[in-house]
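Structure, as structure tokens:
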Amino acid sequence: MAVPGPLLVLSVTVCVLGLYHVEGATDSPTLSPRDASFCHGGLEVIYPDVDINKCLVISKDLKLREKISKVWDAPQIHFTGTDKRKTYVLMMVDPDAPSRTNPASAHWRHWLVVDIKGSRLKKGQLKGTTLSKYSRPTPPHKSGFHRYQFMLFEQPPDTTPSLTKQEESSLGKWDPQAFISRFDLGAPVAALQFLTQNHKD
């Protein structure tokens, strides 16, 4: 399948928020074409009560928002296009921190794993080197919807991605494009996002 150009990674993250109607989503059926194009490649993010395989808005029903923010740990990751001979990088970011109208702390780094062996990923096992441990989505009260974006990249051979000391010092105000460029990751082979807001809103 055709892979979007490298600039799509950041251009999509700043586009207008859209809502997509799927299982587990709200009742709003509208999604901007640019937001819809973010999700591609067959990436699947699986929490105990919700299987995310396309762009969606997490429903307030069944307390899903509360479970994602306060109960569930890191989801299982599946990628239909996994090549067991390759190595991958997974990142999860929030481009809307602390809010979409004031993303002063974007991108907030929620998860970063490198050296993921394709042979393990093909079995649904996310085994690799964790540079940033999984941090649950916790949108601030009355900050509106946040996009939580998962991007999977092929890791070039003989490359060991790492964070700088400055990057390690904070999860907020991270520049994923700088990281992508520094290690020549290119465009993501697959990407997925879900939208949620504070469970009390």
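Take every Cα-Cα pair in segment 47-201 and report what % of them are more than 19 Å apart.
Value for segment 47-201 (Cα pairs over 19 Å): 53 percent.
In whole Hz and in residue order, list the ³J(HN,Hα) couplings for segment 144-161 that follow from phi through the Karplus curve 6.51 cos²θ - 1.76 cosθ + 1.60, θ = phi - 60°; x for Gly and Pro.
The phi angles translate into x, 6, 10, 8, 10, 10, 10, 10, 10, 10, 7, 8, x, x, 6, 10, 10, x Hz.
Taking neighbour counts of Cβ atoms within 10 Å as a proxy for exposure, in what order, fewest first, do PHE150, PHE194 appear?
PHE150, PHE194
How many angstrom lie between the C-alpha centres of segment 153-201 and segment 36-59?
Measuring centre to centre over Cα atoms gives 18 Å.
Among THR101, THR87, THR130, which comes first, second and so on when ranked by fewest other beta-carbon atoms within 10 Å? Display every interim value, and only then the final one.
Values: THR101 8, THR87 19, THR130 15.
Fewest-to-most Cβ neighbours within 10 Å comes out as THR101, THR130, THR87.
In sequence order, what are the phi-derived ³J(HN,Hα) couplings for segment 162-171 according to the Karplus relation 6.51 cos²θ - 1.76 cosθ + 1.60 with θ = phi - 60°, rounded to whole Hz, with x for glycine and proline?
Coupling constants for segment 162-171: 8, 8, 6, 4, 5, 5, 5, 6, 8, 8 Hz.
Report, for segment 8-196, the % of DSSP beta bridges that are antiparallel, rounded to 5.
In segment 8-196, DSSP labels about 95 percent of beta bridges as antiparallel.
Only the coordinates and a few stated rules stand behind these numbers; no lab work does. Keep in mind it's a predicted model, so treat the numbers as computed, not measured. FYI the Cβ positions are ideal-geometry reconstructions off the backbone, even for glycines, and counts take in every protein chain you see.
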